[in-house]
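The values are calculated or read from the model by the stated rules, or taken from the named source; none is laboratory data. Keep in mind that what you see is a predicted model, and the values were worked out from it rather than measured. Here the Cβ is made from the backbone with ideal geometry for all residues, glycine too, and neighbour counts use every protein chain on show.
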Amino acid sequence: MLDFLLAWESWCRLWSQPFPLDSVELVGIDRSQPALDYARRVSVAFGREVQRWIETRQRVLHESGRDDQEWPGRAWAEQIRSAAATARWEQIDLTRAEQLARGQELARWANVIVVSYVLRELQDAGSGDNLSTVLAAAEPGTLVLLLESGTKDDAG
Ligand SMILES: C[S@@+](CC[C@H](N)C(=O)[O-])C[C@H]1O[C@@H](n2cnc3c(N)ncnc32)[C@H](O)[C@@H]1O
C-alpha cells in the first residue's frame, strides 16, 4: 500500500495532475500474530529503504551542485517513511463476533480499506457475512479494494 502511494504521488507530478492525499496512516489487521509480526518487519524495512532513498537523493543533488529543495516529492516521501515506521498492527479474528466491533471502529476511521486475500478464508469458515458487517460500518465515500485471486466466480 505505502509503495503504491509513493509511486502514485510521483505519477501525479509527472503528469501534472493533482495528488488527492496530504497525509497517511496505516493500520493492518489479521488474526495471526506471526503474520502481523511479519507485516511489521516488512513495513519497518520498507520505511528504512525510503529513508535511504531520501538521503541518497539529497546527497546526489548536493554533489551535483543542485538545491535539494528541487525535489518536490520529498515531503510526501517523508510522510510515507513515517507511516511505515509507525504503522499499527492489530490482532482481530473476523470469525469472532465479539471482535467485529473493533473491526467496525477501524472501518469507520479509514478512508481506504484493502481486504487482501482473506475473503475466501472467511467464506470457508462460514464468516463471509462478518466481513460485510465490518465493511458496512465504513463512512460513505470510503474506498474499499477487495483483492482475491482467480476469477470473480472463484472468489465468490
Ligand atoms: C493469503 S493470506 C493474505 C495475507 C495478507 N493479507 C496479504 O495480502 O499479503 C490470508 C491471511 O488471512 C488471515 N486470516 C484468515 N482468517 C482470518 C480471520 N478470520 N480473521 C482475520 N484474518 C484472517 C490469515 O491469518 C492470513 O494472514
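Sort through Leu146, Leu100, Leu94 and tell me the only one that's in contact with a helix residue (DSSP H, G or I) (Cβ under 8 Å, 6 or more places away or on another chain), of a type in the set (A, V, I, L, M) and assigned to a loop (DSSP other than H, G, I, E, B).
Checking each option against the conditions leaves just Leu94.
If you go through region 74-124, how many residues are crowded, with 17+ Cβ neighbours inside 10 Å, without any contact (Cβ under 8 Å) to a residue 12 or more places away in the chain and assigned by TED's automatic domain parsing to the domain that holds Arg40?
0
Take Asp67 and decide whether it is in contact with a Lys or Arg (Cβ under 9 Å, 6 or more places away or on another chain), exposed (fewer than 14 other Cβ atoms within 10 Å of the Cβ), among the acidic types (Asp, Glu) and at pLDDT below 95.
When the stated conditions are applied, Asp67 does not pass them.
Test each condition in (1) closer than 18 Å to Leu5 by Cα; (2) touching a residue at least 12 places away in the same chain (Cβ under 8 Å); (3) of a type outside the set (A, V, I, L, M, F, W, C) for Arg57 and report the one that comes out false.
That leaves (1) as the condition not met.
Taking region 10-48 as the search range and keeping residues that are in a loop (DSSP other than H, G, I, E, B), within 16 Å of the ligand (Cβ to nearest atom) and not hydrophobic (A, V, I, L, M, F, W, C), which one is nearest to Leu106 (Cα to Cα)?
Selected residue: Arg31.
Just to be sure, is Asp37 out of contact with any Gly (no Cβ under 9 Å at 6 or more places or on another chain), acidic (Asp, Glu) and within 30 Å of Arg96 (Cβ to Cβ)?
For Asp37, the condition - out of contact with any Gly (no Cβ under 9 Å at 6 or more places or on another chain), acidic (Asp, Glu) and within 30 Å of Arg96 (Cβ to Cβ) - is met.
So Glu105 passes all but one of these: (1) within 23 Å of Leu26 (Cβ to Cβ); (2) touching a Leu at 6+ places or on another chain (Cβ under 6 Å); (3) within 16 Å of the ligand (Cβ to nearest atom). Which condition number does it fail?
Of the numbered conditions (1) within 23 Å of Leu26 (Cβ to Cβ); (2) touching a Leu at 6+ places or on another chain (Cβ under 6 Å); (3) within 16 Å of the ligand (Cβ to nearest atom), the odd one out for Glu105 is (2).
Within 16 Å of the ligand (Cβ to nearest atom) and closer than 30 Å to Val134 by Cβ: is that true of Ala7 in this structure?
Spelling it out, it is not the case that Ala7 is within 16 Å of the ligand (Cβ to nearest atom) and closer than 30 Å to Val134 by Cβ.
Quick one: in region 125-156, of everything that is of a type in the set (Val, Ile, Thr) and within 13 Å of the ligand (Cβ to nearest atom), which residue is surrounded by the most Cβ atoms within 10 Å (Cβ to Cβ)?
Among those residues, the one meeting the criterion is Val134.
What's the number of the only condition in (1) within 19 Å of the chain's Cα centre (by Cα); (2) part of a helix (DSSP H, G or I) that Trp89 fails to meet?
Every condition holds for Trp89 apart from (2).
Among the basic types (Lys, Arg) and under 19 Å from Leu135 (Cα atoms): is that true of Arg40 in this structure?
In short, no.
Examine region 38-52 for a residue that is touching a helix residue (DSSP H, G or I) at 6+ places or on another chain (Cβ under 6 Å), polar (S, T, N, Q), surrounded by 16 or more Cβ atoms within 10 Å (Cβ to Cβ) and at pLDDT 95 or above, and state whether such a residue exists.
Yes, some residue in region 38-52 is touching a helix residue (DSSP H, G or I) at 6+ places or on another chain (Cβ under 6 Å), polar (S, T, N, Q), surrounded by 16 or more Cβ atoms within 10 Å (Cβ to Cβ) and at pLDDT 95 or above.
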